[in-house]
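Engineer: I'd like to ask you about the structure that follows.
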Amino acid sequence: MRLFFFLTFLCSMKWVELKMGELGVLSNPNYKITALLDHLAMITVQSDARGIFDCKPLGLIWAHFPEFYSKKNTIMFDDLRRNFVMNPKNGLTIKPFRKAHANRDSDQELVKLTEYLLAIAELDDISKLDHSKWKYYAEDGSKRRRHA
């Protein structure tokens with residue numbers, strides 16, 4: 001199985017492309033980005049608990065490309081859990097990356113996330129996992145690999 005990554009940003013595509021270009025994401029063959037989505041890809045929903053807000057609708061991507069993408073092979077990460085309201089089984093909450101200039105060398109969130117994604121990449125259906133426990137799963141998996 002192959003996992004697919006969609007990057008969604010709360011700004012215009014102009015800024016998305018600029019930021020990703022500056023980071024070298026678009027030109028580096030090691031990044032396997034399926035698509036970049038700007039704020040226009042989000043939909044507005046209403047919730048009793050959260051009121052009116054925008055969220056990321058994976059269902060739209062699945063509907064447009066059912067031969068490639070489904071709830072079984074797609075995961076999204078965000079620091080805002082509400083962005084997964086339409087697809088809670090396919091969302092993974094990560095820490096926000098703040099103070100990049102000070103934390104760039106010590107932040108381990110993406111390292112742990114990489115371990116988790118590698119651990120689940122071969123599963124038939126990642127929507128059956130409890131992604132809220134991803135850090136523990138990644139730690140257990142890396143311990144098994146180190147001791148194997």
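Engineer: If amide H atoms are built 1.01 Å from N in the plane of the peptide, which residues on other chains or at least 5 residues away come under 5 Å of the amide H of Leu37?
Structural biologist: Placed amide hydrogens put Leu7, Thr8, Phe9 under 5 Å from Leu37.
Engineer: Right, here's the next one. How many nm is it between the label spots at His39 and Lys71, if each spot is 7 Å from the Cα in line with the beta carbon?
Structural biologist: 3.0
Engineer: Follow-up question, since we're still on this one. Quick one: net charge of Leu40's neighbours, Cβ under 13 Å, K/R +1, D/E -1?
Structural biologist: Values: positive: Lys14, Lys56; negative: Asp38, Asp54.
Result for the local shell: 0.
Engineer: Do the alpha carbons of any pairs in Lys19/Lys133; Lys95/Lys133; Lys72/Lys128; Lys56/Lys89; Lys89/Lys135; Lys89/Lys133 sit beyond 19 Å of each other, and which pairs?
Structural biologist: Values: Lys19/Lys133 30 Å; Lys95/Lys133 13 Å; Lys72/Lys128 8 Å; Lys56/Lys89 13 Å; Lys89/Lys135 16 Å; Lys89/Lys133 12 Å.
Going by Cα-Cα distance, Lys19/Lys133 fall outside the 19 Å limit.
We did not get these values from a lab; they are worked out from the coordinates using the rules stated. Nothing here was measured: the structure is a model prediction, and the numbers come from that model. Heads up, the Cβs are rebuilt from the backbone with ideal geometry, glycines too, and the neighbour counts pull from every protein chain shown.
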